[in-house]
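Enquirer: Once you've had a glance at the structure underneath, I'll fire off some questions.
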Amino acid sequence: MGRKKGNLLATAHEIVVPMVTLPSITEIGPDEPMELIGEVLNVVDSVVVVKSSHNGMQRVLDTESLLVFEDRKVLGLVSRSISVLFSMQRLTH
């Protein structure tokens with residue numbers, strides 16, 4: 001049986017509105033190291049979908065990892081990694 005949270009129908013164990021911790025900084029300094037992890041494909045509410053730049057390699061981000069854009073502006077913190085998805089492609093004639 002579902003339960004209602006506001007206007008959303010949810011199961012008993014479903015997180016409808018996740019708690020989001022905002023970082024205390026908005027930009028990192030020029031001397032801070034950065035590592036390219038991938039390309040942001042989509043942002044929906046507080047969920048960010050990132051396509052890995054390392055094809056075929058599974059990499060896991062630690063909780064509380066800081067995500068920043070190329071211009072060093074902060075996107076947010078990793079609260080949890082859900083899953084690895086593989087790209088499905090279909091050939092048509």
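Any read-out appearing in this document is the output of simple, stated calculations on the displayed coordinates, not a laboratory observation. Computed from a predicted structure; not experimentally measured. Neighbour counts are summed over all protein chains in view; Cβ atoms, including those assigned to glycine, are modelled from backbone coordinates with ideal geometry.
Enquirer: Once amide H atoms are built 1.01 Å from N in the peptide plane, which residues 5 or more positions from Leu75, or in another chain, come under 5 Å H to H?
Expert: Result for Leu75 returns Leu67, Val68, Phe69.
Enquirer: Relative contact order of region 19-83, please, whole-number percent, based on alpha carbon pairs below 8 angstrom and at least 6 residues apart.
Expert: On the way: 75 pairs, mean separation 21.9, N = 65.
Here the relative contact order equals 34 percent.
Enquirer: Mind ordering 68-77, 33-42 by average Cβ neighbours within 10 Å, highest first? Let's see the in-between values first.
Expert: Details: 68-77: 12.6, 33-42: 10.0.
Packing order, densest peptide first, comes out as 68-77, 33-42.
Enquirer: Ok, one more. Please give me the summed charge of the neighbours of Ile25: other residues whose Cβ is under 15 Å from its Cβ, Lys and Arg +1, Asp and Glu -1.
Expert: Values: positive: Arg72, Lys73; negative: Glu27, Asp31, Glu32, Glu64, Asp71.
Result for the local shell: -3.
Enquirer: What does the charge count near Met34 come to, summing +1 for each Lys or Arg and -1 for each Asp or Glu among other residues with Cβ under 13 Å from its Cβ? Could you put the intermediate results ahead of the total?
Expert: Details: positive: Arg72, Lys73; negative: Glu27, Asp31, Glu32, Glu35, Glu70, Asp71.
Residues close to Met34 contribute a combined charge of -4.
Enquirer: Further question: Rounded to the nearest 20 debye, what is the charge dipole size of region 19-83 about its Cα centre when +1 sits on each Lys and Arg Cβ and -1 on each Asp and Glu Cβ?
Expert: On the way: 5 positive and 10 negative charges, 55 e Å.
Dipole size: approximately 260 debye.
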